[in-house]
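S.K.: Here you go, one structure.
The values are calculated or read from the model by the stated rules, or taken from the named source; none is laboratory data. Source: prediction; values computed, not measured. Note that each Cβ is placed from the backbone with ideal geometry, even for glycine, and that neighbours are counted across all protein chains shown. Surface areas here come from the heavy atoms of the whole protein model, side chains and all, with no ligands, DNA or RNA. Shrake-Rupley method; radii C 1.70, N 1.55, O 1.52, S 1.80 Å.
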Amino acid sequence: MRYLTAGESHGPQLTTILEGVPAGLPLTVEDINDDLARRQKGHGRGRRMQIEKDTVDILSGVRHGQTLGSPITLAVTNDDWKHWTKIMGIEPLSQEDQEEVKRKVTKPRPGHADLNGAIKYGHRDMRNVLERSSARETTVRVAAGAVARKFLAELGIKVAGHVTEIGGVKAEPQSISNLDDLKAQTEASPVRCYDKKVEQQMMDAIDTAKENGDSIGGIVEVIVEGVPAGVGSYVHYDRKLDAKVAASIMSINAFKGVEFGVGFQAASLPGSKVHDEIAWSEERGYYRLSNNLGGFEGGMTTGMPIVVRGVMKPIPTLYKPLQSVDIDTKEPFQASIERSDSCAVPAASVVAEAVVAWEIAQAIVEQFGQDRMDLIKENVQRMREHAAKF
Ligand code: EPS
């Protein structure tokens, strides 16, 4: 399976085409709209989210509520487009419009794609960069991920994401034994955090950042339960599933690092405190006595929950001026921007769920059969039985 996305932040719509989704998967717009609505929420979002009411149109690949195996096209309309029809118009500009649209973006924001993208593609108007590098694009990645989540649910695999840290305020670590409970708790939280004790502190940190014209980042965690052991491979660098999951997290706008299980703490722990001891029971088959490695050994799943975290830097579009250089005049200036989110970590946890769900679904389709949902189900079941008896 693979997908491409297209669309500018203030263009008419965002589109994704999903290729290779097996035939026979039940799919409706509700399956996708639920996740789109979840991505729009979160304390710290800016005014744009009041303009948009993200819902999907399924334009191909589904008939009578079932996938066909043909490419699935998903589209989300940008409601803000109506305010940008001239600036973002598709047709060449008329003489009179040229004056209005002349306001080129020549002042790159530190930390954003603006300057490097402009140098790379030769754009003297950096709007040509920022429109596509905007995190608005994650809308359709969440739509693609919702399809993957539906596929995984058919195989008894659950995916949940949550926020563990915002602006230095950390949730108390607790062992998570039930993803449905986690989902219920975090769904009710404006910062998607299970720890009620720090929720308010996180919101205060966001409010303070906003008052100061600043932004803050944080850490999100995604947990995937029910993946059979042995998905992925150790035989080649590009078949290691943990590497693919890591890349998917790093591909989310503003993400700067990834860890699995105990992650970077492993640097300071002895091997005896890191490696998960192996046990076997009639009921569970093989399992680990701990899950410090976050569900991966040797690029393959262990059958334990996958636990992956990503760190998001503060959003670089700030009200607080930062030093930069105008690309036309080469004069230094203090960048000051009008509209942005002060924190999008809660929304990013929904995006992280989506990209991880896609990678796991893609690995399963590749390993257990490509075309038909019924055959994939049988093959996954066979693999589970094989692992239990092994
Ligand atoms: C973004 C800037 C803001 C965010 C946007 C990402 O949009 P605008 O420039 O229209 O105010 O709201 O995120 C979304 C629109 C979204 O759907 O998540 C940026 O510069 O990356």
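S.K.: So which residues in the range 290-309 are assigned to a loop (DSSP other than H, G, I, E, B) and closer than 23 Å to Met383 by Cβ, if there are any at all?
M.R.: Those that are assigned to a loop (DSSP other than H, G, I, E, B) and closer than 23 Å to Met383 by Cβ: Asn291, Leu293, Gly294, Gly295, Gly298, Gly299, Thr302, Gly303, Met304, Pro305.
S.K.: Restricting the search to the range 50-67, which residues are within 16 Å of the ligand (Cβ to nearest atom) and either in contact with an Asp or Glu (Cβ under 6 Å, 6 or more places away or on another chain) or without any contact (Cβ under 8 Å) to a residue 24 or more places away in the chain (or both)?
M.R.: Gln50, Ile51, Glu52
S.K.: Counting residues that are open to solvent by 70 Å² or more (accessible area, probe 1.4 Å), which helices (runs of 4 or more DSSP H) fully inside the range 147-252 reach at least 2? Can you show your working first?
M.R.: On the way: elements: 179-187, 196-211, 241-250.
Hits in the range 147-252: 179-187, 196-211.
S.K.: Within the range 198-208, is even one residue over 21 Å from the mean Cα position of the chain (by Cα), under 19 Å from Lys313 (Cβ atoms) and at pLDDT below 95? Steps first, please.
M.R.: Just the residues of the range 198-208 that are over 21 Å from the mean Cα position of the chain (by Cα), to begin with: 198-201, 203-205, 207-208.
Then keep just the ones that are under 19 Å from Lys313 (Cβ atoms); that gives 205, 208.
Narrowing further to those that are at pLDDT below 95: none.
No: the range 198-208 contains no residue that is over 21 Å from the mean Cα position of the chain (by Cα), under 19 Å from Lys313 (Cβ atoms) and at pLDDT below 95.
S.K.: Within the range 10-33, track down each residue that is in contact (Cβ under 8 Å) with a residue 40 or more places away in the chain, within 16 Å of the ligand (Cβ to nearest atom) and either closer than 25 Å to Gln367 by Cα or of a type outside the set (Ser, Thr, Tyr) (or both).
M.R.: Passing the criteria: His10, Gly11, Pro12, Gln13, Leu14, Thr16, Ile32.
S.K.: Also, quick follow-up: Looking only at residues that are in contact with a Leu (Cβ under 7 Å, 6 or more places away or on another chain) and not in a strand (DSSP E or B) in the range 321-358, which one is least open to solvent (accessible area, probe 1.4 Å)?
M.R.: Ala357
S.K.: Does Leu289 count as more than 26 Å from Arg2 (Cβ to Cβ) and modelled with pLDDT of 95 or more?
M.R.: yes
S.K.: Which one of the conditions (1) touching a Pro at 6+ places or on another chain (Cβ under 8 Å); (2) assigned to a loop (DSSP other than H, G, I, E, B); (3) within 12 Å of the ligand (Cβ to nearest atom) does Trp81 fail to meet, given that it meets all the rest?
M.R.: Of everything listed in (1) touching a Pro at 6+ places or on another chain (Cβ under 8 Å); (2) assigned to a loop (DSSP other than H, G, I, E, B); (3) within 12 Å of the ligand (Cβ to nearest atom), Trp81 misses just condition (2).
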